[in-house]
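The values are calculated or read from the model by the stated rules, or taken from the named source; none is laboratory data. Note that the structure is predicted; figures quoted are calculated from it, not measured. In this analysis, Cβ positions are derived from the backbone assuming ideal geometry, glycine residues included, and neighbour counts consider all displayed protein chains.
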Amino acid sequence: MQADSRFWKRYTKNKYLLLLLLPVLVWYVVFAYIPMYGIIISFKDFKPLLGITGSPWIGLRNFELLWDPYSGFVPAVKNTLIISFYHIVFGFPAPIVLALLFNELRAKLFMKVAQTISYLPHFFSWVVMAGLLSAVLSPSSGAVNEVLSWFGIDPIYFLGDKHWFRFTLVVSSIWKEIGWGTIIYLAALAGIDPDLYEAAVLDGASRWKMMLHITLPSLLPVVSIMFILRIGGIMDGGFDQIFNLYNPAVYAVADIIDTFVYRTGLTSFQYSFATTVGLFKNVIAFLLILLTNYAVKKAGQEGLV
């Protein structure tokens with residue numbers, strides 16, 4: 001009862017601040033929770049003319065079709081996991097490393113200019129970036145292949161060769177988002193107590209030692225949270241990027257769950273099966289978040305909850 005009394009007293013004291021949450025709560029209810037009603041399509045043979053309630057129930061038949069070798073779902077899952085693995089291994093540490101490098105710069109003007117330049121690609125949509133990459137990576141007139149020709153290297157079809165497409169995806173994603181990703185790490189670095197560095201200087205520690213024993217340990221809580229969220233998105237290979245860059249020549253290595261759902265649902269009109277794929281993806285992502293959060297907390301770091 002005492003805890004309830006403290007809660008309501010605190011609520012009453014901050015009621016006008018809590019009202020600011022109301023638009024956010026309304027948005028989530030309208031656009032995130034109410035649409036969850038459509039999940040039942042996964043268990044029905046959905047017919048648009050009959051509607052959701054009028055369409056016949058078919059039980060778990062759509063879930064059985066997921067594992068049909070001719071459905072195309074299993075290769076899409078494989079591609080999603082491989083591409084997400086590359087993004088985690090190479091893309092996740094990239095903004096951390098860049099933030100550490102920015103933190104070591106002493107020329108403030110140069111640091112601000114460098115940060116601004118690194119942020120800039122984030123503000124371009126993947127539609128724009130796809131046009132830019134198509135021009136720059138063109139095997140006939142692209143700047144990259146032009147430079148490679150100076151060294152006697154044959155033109156590379158970065159967006160049309162199955163062996164190069166995933167490499168292009170990862171590198172272009174890092175280029176676009178690395179600067180924006182540094183913001184949260186730079187904020188964490190700004191919160192480190194300067195007295196720690198001053199004490200380290202008095203003890204004769206080098207910049208490298210201070211980074212290893214002060215900066216990195218101070219970043220670990222933020223890195224842990226970001227890692228949990230990144231693992232939760234492992235079933236998301238990056239729809240916007242791939243949809244704007246891929247083509248039939250690279251479907252074998254580029255078709256992920258989201259592009260598969262797009263083609264199945266909106267192109268082939270298999271609404272029930274597409275919903276089933278999306279539901280499967282989200283359940284696995286939710287379980288991955290819980291598992292990663294548990295593992296991080298067991299390792300002694302802060303989790304989401």
For helices (runs of 4 or more DSSP H) lying entirely in region 4-116, having 3 or more residues that are under 22 Å from I174 (Cα atoms) and outside the structural domain of M210 (by TED's automatic domain parsing) picks out none
Could you check, for region 291-305, whether at least one of its residues is modelled with pLDDT under 80, part of a helix (DSSP H, G or I) and of a type in the set (D, E, K, R)? yes
Across region 118-161, the tally of residues that are in contact with a helix residue (DSSP H, G or I) (Cβ under 6 Å, 6 or more places away or on another chain), part of a loop (DSSP other than H, G, I, E, B) and small (G, A, S) stands at 2
Out of S55, S42, report the one residue that is touching a Leu at 6+ places or on another chain (Cβ under 6 Å) and small (G, A, S). S42
Could you tell me whether any residue of region 205-228 is touching a residue at least 12 places away in the same chain (Cβ under 8 Å), within 30 Å of R61 (Cβ to Cβ) and in the same structural domain as A130 (by TED's automatic domain parsing)? no
I want to confirm something. Restricting to region 118-136 and keeping residues that are touching a residue at least 60 places away in the same chain (Cβ under 8 Å) and closer than 13 Å to I183 by Cα, which single residue is surrounded by the fewest Cβ atoms within 10 Å (Cβ to Cβ)? Y119
